[in-house]
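Beneath this line is the structure, given in structure tokens, with notes to follow.
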Amino acid sequence: MDYADFLKNQDSRAGGYYALSDLIWEKAEICYTEVESARILEDWFSKEGFSVTPGVYGIPTAFTAQYGSGSPRIGLLGEFDALSSMTQEADVFEKKPGAQVNGHGCGHNLLGVGSLVAAGAVKEFLAQTGKPGTVIYYGCPAEENGSGKAFMARAGAFKDLDAALTWHPGTLNRIATESSLANILVKFYFHGISSHAAGSPELGRSALDAVELMNVGTNYLREHMIDEARIHYAVTNTGGVSPNVVQAEASVVYMIRAPEMAQVQELYQRVIRIAEGAALMTGTAADHRIIKTCSNFLSNRVLEELLQESFEALPLPDINAADREYAARFSATCPQAPSLILKSIADKYPSRSGGIFLKNHLEDTFYNFIVPYDKDRLDKSGKGSTDVGDVSWLCPTAQFSAATWAAGTPGHSWQVVAQGKGRIAHAMTLYAGKILARAAMRLFSEEALRAAAREEFTEQMRGRCYFPVPAEAKPEAITAL
Ligand SMILES: [Zn+2]
Ligand SMILES: [Zn+2]
């Protein structure tokens, strides 16, 4: 039986998949509160005969759904968390509040369902071919601000996999060859003494002053750190709203990012010293607590090539005139001209032919093509962070993006939420599921592929060590900081 047969079966089930994705879009639950979204997916897997474990790895909204037994073990990663306050109506071409407070501004309603499509197809494949092995869908909560996968990893997930595959909604069909930044999210607390700010200021010690001095000190640190590092902060407690009180308690949360966790750790120690300095200057006391960490992404080229082969083997969905019009209208609302964004990708493309290929599409408002894969390309310039990074330190891992949105659509934008139930988003989610499924089926069938991916992984990990989330950190919603 051909791989294509198992993929074709998914077409007849497309309506059911789209309904799941739309339902999760409507729930729009954020960071570790994804109770209903997780249940929607868990219920589907239970009905399909997967063995489902809810609340796995000590996280109530994390789950696994597995089918089959023994080796090889192939993991598919699914996400379903939304972003805070991103309320938006679907399918309107302007920023317009919707019924939900939060919104799927990163497209994780699609992400979770695309990987579910793949798991369903692989289950049929294992059942009908009788091949040995286990497919495991990881229901991963809190990708945004919670690094759910890093906490799952700390509790033992992923390390027994032969490979992990995933995808992310986006504007281009391409392999994610770029790395991402490792980071630490840490909260600093300052404790001072309250006093009347006019009557007895000499008796007060201001925790808010300490926060301000810490931020100033960090500004000076920025000149003396590696270019690729980033340090951001948000003041989470200013000590109150009364200017006539010396603020006794204040806090600030820092995100420290760099290409590798060892570099983040070094900066983290320097930031701690700055906090101590700010406390000394203000006569306050400082302490801190790590909220979460996440590792940089190490892509596996053997798996990248496998995903690219899937892209090339499977025809793109039909995009009709109405879809094109829909995409063009969204594209027109984007803050940066799509042609400039694509041109900057094309300019960085190492092979001349790849760059020329992309430049032929500068005027498109929907990218209905597969970006050529360049074997020599390993872009280390990724500036974001993803908790898929932690998975990639534990087993061979690769991911791709699929064009679910109009050209120029920025991440975490109202345009993403608005397009999240559209015909294009649906069709491309089904397509992404098929790409993952084909790659996973080949991994079950071809031992040599698994061995090559493992060999590359082992080589990549030589001299490196994984930094799990420190024991004191607990999975928690950012709102509870
Ligand atoms: Zn995001
Ligand atoms: Zn995302």
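Tabulated data for the structure shown
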| read-out | value |
| --- | --- |
| Every residue from segment 319-340 that is of a type in the set (Asp, Glu) and in contact (Cβ under 8 Å) with a residue 60 or more places away in the chain | Asp323 |
| Filter result (in contact with a Ser or Thr (Cβ under 8 Å, 6 or more places away or on another chain) and more than 12 Å from ligand 2 (Cβ to nearest atom)) within segment 158-170 | Asp162, Ala163, Ala164, Leu165 |
| Top-ranked residue in segment 30-84 [being charged (D, E, K, R) and touching a Leu at 6+ places or on another chain (Cβ under 8 Å); ranked as nearest to ligand 2 (Cβ to nearest atom)] | Glu79 |
| Residues being hydrophobic (A, V, I, L, M, F, W, C), more than 24 Å from Glu304 (Cα to Cα) and more than 16 Å from ligand 2 (Cβ to nearest atom) - total across segment 407-427 | 2 |
| Residues being acidic (Asp, Glu) and either touching a helix residue (DSSP H, G or I) at 6+ places or on another chain (Cβ under 7 Å) or surrounded by 13 or more Cβ atoms within 10 Å (Cβ to Cβ) (or both) - total across segment 456-481 | 2 |
| Pairs where the first residue, in segment 141-162, is assigned by TED's automatic domain parsing to the domain that holds Ser385 and among the aliphatic types (A, V, I, L, M) and the second is assigned to a loop (DSSP other than H, G, I, E, B) and within 13 Å of ligand 1 (Cβ to nearest atom), C-beta under 6 Å, 6+ apart | Ala142/Cys31; Ala142/Asp81; Ala150/Asp387 |
| Asn173 over 27 Å from Glu260 (Cβ atoms), in the same structural domain as Gly70 (by TED's automatic domain parsing) and not acidic (Asp, Glu) | yes |
| Qualifying residue in segment 181-202 (condition: without any contact (Cβ under 8 Å) to a residue 24 or more places away in the chain and either buried (at least 19 other Cβ atoms within 10 Å of the Cβ) or not in a loop (DSSP other than H, G, I, E, B) (or both)) | yes |
| Of all residues making up segment 282-326, the number that are closer than 24 Å to Ser413 by Cα and more than 24 Å from the chain's Cα centre (by Cα) | 6 |
| Residues located in segment 187-227, provided they are within 22 Å of Tyr254 (Cβ to Cβ) and hydrophobic (A, V, I, L, M, F, W, C) | Phe188, Phe190, Ala207, Leu208, Ala210, Val211, Leu213, Met214, Val216, Leu221, Met225, Ile226 |
| Single condition Ser401 does not satisfy, out of (1) in a loop (DSSP other than H, G, I, E, B); (2) within 20 Å of Thr177 (Cβ to Cβ); (3) within 16 Å of ligand 1 (Cβ to nearest atom) | (1) |
| Positions within segment 263-280 being within 30 Å of the chain's Cα centre (by Cα), surrounded by fewer than 19 Cβ atoms within 10 Å (Cβ to Cβ) and in contact (Cβ under 8 Å) with a residue 60 or more places away in the chain, in sequence order | Gln265 |
| Single residue of Ala279, Ala327 found to be touching a helix residue (DSSP H, G or I) at 6+ places or on another chain (Cβ under 8 Å), over 24 Å from Phe366 (Cβ atoms) and not acidic (Asp, Glu) | Ala279 |
| Residue check for Cys465: assigned to a loop (DSSP other than H, G, I, E, B), under 21 Å from Lys123 (Cβ atoms) and either modelled with pLDDT of 95 or more or not charged (D, E, K, R) (or both) | no |
| Verdict on Glu178 being surrounded by fewer than 24 Cβ atoms within 10 Å (Cβ to Cβ), closer than 18 Å to His108 by Cα and charged (D, E, K, R) | no |
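The values are calculated or read from the model by the stated rules, or taken from the named source; none is laboratory data. Note that the structure is a prediction, hence the values are computed from the model and not measured. We place every Cβ from the backbone using ideal geometry, glycine too, and count neighbours over all the protein chains shown.
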